[in-house]
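Okay, so here's the structure we're looking at.
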Amino acid sequence: MASMAARSPADGGAVHSRANRTLPLQMLAGLVVGCVIGFAFPDLGKALLPIGQVFIKALRMIVIPLVFSSIALGIYNMGRELSAFGRIVLIAFVWFFIATGICILAGLLMNALVHPGIGADLSIAGKVPANAGLKIDLVSFLVDLVPANIVSAMAEQKILQVLLFGILFGAALASIGEVGRGAVAVLEGVQAAMMRMVRWIIALAPIAVAAVMAWLFASQGLAMITALGKLIATLYLGLVLVIAVMWLVLFAIGHNPVRVTQKIAEPLLLAFTTRSSETTLPIHMEILERFGVPNKIVSTVIPLGYSFNQDGTSLYISLATAFVVEAHGIPLDLPAMLTIIVTGLISTKGMGNVSGGGLVAATTVLIALGLPVESVAVLAAIDVLMDMGRTTVNVFGNTVAVLLVDRFVHVSSVEAVAITDAAEPQALASHI
C-alpha cells in the first residue's frame, strides 16, 4: 500500500535517533521547567509566549498539504485494496468507521460527564474568531462542505472542504487505474516530505511546551495543571469504556473477551510501554494466527488497521478538542460536536503513520472549528501520558477488527495461499 510503504527510513519511519526516542520525556521535562519558570519568574514566563506561537504556526503550516496528501492516498489505497481483496477489505473498513465513530462519541460523552476543561482558561491564548465553526446553521454547514475554489479553501485552511476534495480526488485516482500513477507518486512525495517536516517540528516541542506552560502557569497558577490532570484521568476512563464496548462486540461474535485479552496481553503491554503499534506487529500477527485466524485475513486487516483504525487516538482527538473548546469558555453545542465528529472520522484515516499524528489530528480539528491552536502545545506537554493508553487501545481495536472479519468471511485454503502471497510483501513493506 502506497501510503504505508511510503513510511521508509527515508522519511524517518523506522529510524529513530536517541533524541527522538527520548522526546516524550523531554516534553515532560519541558512541562516541569515551564511550571517552575512561571512560578518563580512570572514576568519571564509571560514573555515566553512567542516561542510557543512559532511552534503552533509551524504545525499549521504543514496541516493542509499533509492532510490532503494523506487522505487522498488513504482513499486511493482503500479503493485499490477493495478491488484486490473484496469482502475482507469492505468489512474491515465498515468496522473501522463504526469503531472510529464509537470512540469519537465516547470522547464527547466522557467530556460531558467530567468537563475537564471547565476551570482552565485558554481564552488568553487568543480570541476566538467571529466566524468560528461553533455556531452555524446545519444547512449552511452541509452546503459549505463543497468548495467553490479548492485553492482558496486550502489558502484559508478550510479543513472540511479540503478533506472532502481529498476524498473525491483519491477515489477518482483509484478509479482511473495506471494513468493516475503519476499523480499518486507526487502525493507520495508530498506526504513523505510533510512527514519529515512534522518530525522536525515535533523535535522542537519540548521548548514550545516549556514556553507555553511558563506563560500559562504565570497567568493561571495551578488551575491549568489541575485541568490537565483531569483530562488524563478522563481519557483513561473513556478508554476503559471503549474496551468494554469492544468486549461486547467480541462476545456478540462468539469470542470470550477475557480469553482474547489474555491471548494478546503481550502486544498490549508492548504497545503500552513503547507507545508504538509498529513494535507489536510481528507478535500480534503471530498470536492471531495461532488463535485460528487465516493468514489471509491477518496479513490484510492488521496492516490496514494500523494505518486506518486508530480507536484510542480517535477518542483522544474528540476529548482533547472538547477540552480546548470548554477551556475557552464556549459551550459544546451540536454544530461544534458535528464538526468534531466529521473531521475526526476523516482525519484519522490514512494518518496513522504520521509521527506525532495525534497532535497533528488535534490541530486539524481545532482549525476546522476556527479555534486558536496554541492549546496544542499544552496538549503536547502531557502527550506521553495519554499516548500509552491510546496506543494500547489502538492495538486492541485492531484485534477486534481481525476477529470480526474472520467471523463474516470464510477463506478457502487455496484462496488463502493465493492472496497471502500478495498481502505479505505489503505488510512487510509497511514496517521495514
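The values are calculated or read from the model by the stated rules, or taken from the named source; none is laboratory data. What you see is a predicted model; the values in this text were computed from it and never measured. Positions of Cβ are backbone-derived with ideal geometry, glycine not excepted, and every protein chain shown enters the neighbour counts. Surface accessibility is based on the protein's heavy atoms, side chains included, excluding ligands, DNA and RNA. Shrake-Rupley method; radii C 1.70, N 1.55, O 1.52, S 1.80 Å.
Points worth noting:
- Helices (runs of 4 or more DSSP H) enclosed by segment 311-386 - at least 3 residues per element that are more than 17 Å from I71 (Cβ to Cβ), open to solvent by 10 Å² or more (accessible area, probe 1.4 Å) and at pLDDT below 80: none
- For segment 196-218, the criterion of being within 30 Å of I104 (Cβ to Cβ) and among the aromatic types (F, W, Y) is met by at least one residue.
- Checked against (1) in a helix (DSSP H, G or I); (2) over 14 Å from the mean Cα position of the chain (by Cα); (3) within 25 Å of L145 (Cα to Cα), N398 passes all but a single condition, namely (3).
- Count of segment 215-241 residues, restricted to those that are touching a Lys or Arg at 6+ places or on another chain (Cβ under 8 Å) and surrounded by fewer than 23 Cβ atoms within 10 Å (Cβ to Cβ), is 1.
- Residue match in segment 302-310 (condition: in contact (Cβ under 8 Å) with a residue 40 or more places away in the chain, assigned to a loop (DSSP other than H, G, I, E, B) and open to solvent by 10 Å² or more (accessible area, probe 1.4 Å)): yes
- Count - residues of segment 84-105 that are in contact (Cβ under 8 Å) with a residue 60 or more places away in the chain and either open to solvent by 10 Å² or more (accessible area, probe 1.4 Å) or of a type in the set (S, T, Y) (or both): 11
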